[in-house]
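The structure under discussion appears below in the form of structure tokens.
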Amino acid sequence: MCLYKVVPLLEVRSGCPVEERVVQRMRSLEVDREFLPEILAALRDILERPLDDSVSDELREPCSMAAEMVLRAFEDGFQIKEWADWCSTIALDIHQEFDALLYPGDGGAPIFHPAPEQPEPTPMEELELRDQVTALDLLRRGGGDDRLRSLNESGNSRVAVALSRL
């Protein structure tokens, strides 16, 4: 789910859309482990393109974090559970980064606090955290595919809207 949510960032970074077949597999929450290598390889192929010249300086960090979510899966010793947990944390950081960019401090500069140092979640970070907790609860109880798909779509849309505002 975290990968699907950052697809808009990956597309902005590379200047090209993610192949629809890959998006469909990512959108489906029944993605089996057998499809994960295919999805990750397709996303890595996009990331091998140079950074698009139109990417503003302020978006370079969120784009870099999204790219790292994909690239980390290709490191030696890849463990899916640890990687998924790490991706959840990065997704929260990306949302906090968007809040910092959308609502800068008094001096006009973005204010970013690493997650453990921020006493309260930022508005977008709070939405992402709510989605993650809801998804984990739905998965724990089993079923709820329609609700999970809805969460996935709203997270992807949230990132796309933040990008359009920036």
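The values are calculated or read from the model by the stated rules, or taken from the named source; none is laboratory data. Nothing here was measured: the structure is a model prediction, and the numbers come from that model. In this analysis, Cβ positions are derived from the backbone assuming ideal geometry, glycine residues included, and neighbour counts consider all displayed protein chains. With ligands, DNA and RNA removed, areas are computed over all heavy atoms of the protein, side chains included. Shrake-Rupley method; radii C 1.70, N 1.55, O 1.52, S 1.80 Å.
Here is a check on your reading of the model: is P37 open to solvent by 30 Å² or more (accessible area, probe 1.4 Å) and not in a helix (DSSP H, G or I)? Steps first, answer last, please.
Working: open to solvent by 30 Å² or more (accessible area, probe 1.4 Å): yes; not in a helix (DSSP H, G or I): no.
Criteria not met by P37.
A115 meets all of the listed conditions (1) over 18 Å from I90 (Cβ atoms); (2) among the aliphatic types (A, V, I, L, M); (3) at pLDDT below 85 but one, namely (1).
Taking the listed residues F74, F98, the one that is exposed (fewer than 12 other Cβ atoms within 10 Å of the Cβ), touching a residue at least 24 places away in the same chain (Cβ under 8 Å) and over 9 Å from the mean Cα position of the chain (by Cα) is F74, with no other qualifying. Condition check for I46 on (1) free of Cβ contacts under 8 Å to residues at least 40 places away in the same chain; (2) buried (at least 16 other Cβ atoms within 10 Å of the Cβ); (3) in contact with a Phe, Trp or Tyr (Cβ under 9 Å, 6 or more places away or on another chain): one failure, at (3).
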